[in-house]
Amino acid sequence: TSRKDGKPMISFDQFQALEFKLASVLEAEKVEGADKLLKLRVDLGGGDIRQMVAGVAKSYAPEELVGKTILVLANLEPATIRGVESQAMLLAASTSDGLTVLVPDRDFPAGTKVS
């Protein structure tokens, strides 16, 4: 089954396979040679520290993200982007005017599961 925009619908079982978590941004820096990419070091709780690459550099300076709690897809297969391994995916909303990183409206710890 597809939606009006042609994107496929997923089953509830497929949705349950996705692992969304809150992560605390420990470090952020620009990826060399890439205008849109930042390399983040994030804490997903319980000692799970990961590196990820996010296409948010046109909307956020690295220092704006450090200390933020963000929403990530934690069980995405690692990928190498511009020579940098990315071990999760940051979630953001975007329009033609830019993007916004999704953040909780209350203080919750890194590693909190989102469902």
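Only a single item in (1) at pLDDT 95 or above; (2) within 24 Å of Val114 (Cα to Cα) is not met by Lys7, and it is number (1). Residues that are touching a Pro at 6+ places or on another chain (Cβ under 6 Å) and small (Gly, Ala, Ser) were ranked within region 1-34; the one that is most open to solvent (accessible area, probe 1.4 Å) is Ser2. Between Val66, Val53, the distinction of being closer than 19 Å to Gly111 by Cβ and surrounded by 13 or more Cβ atoms within 10 Å (Cβ to Cβ) belongs to Val66 only.
Candidates are the residues of region 35-50 that are closer than 17 Å to Val84 by Cβ and open to solvent by 60 Å² or more (accessible area, probe 1.4 Å); the one that is farthest from the chain's Cα centre (by Cα) is Asp35.
Note on region 86-115: among residues that are of a type outside the set (Ser, Thr, Tyr) and open to solvent by 80 Å² or more (accessible area, probe 1.4 Å), the one that is modelled with the lowest pLDDT is Asp97.
The values are calculated or read from the model by the stated rules, or taken from the named source; none is laboratory data. Nothing here was measured: the structure is a model prediction, and the numbers come from that model. FYI the Cβ positions are ideal-geometry reconstructions off the backbone, even for glycines, and counts take in every protein chain you see. Heavy atoms of the whole protein, side chains included, go into the accessibility calculation; ligands, DNA and RNA do not. Shrake-Rupley method; radii C 1.70, N 1.55, O 1.52, S 1.80 Å.
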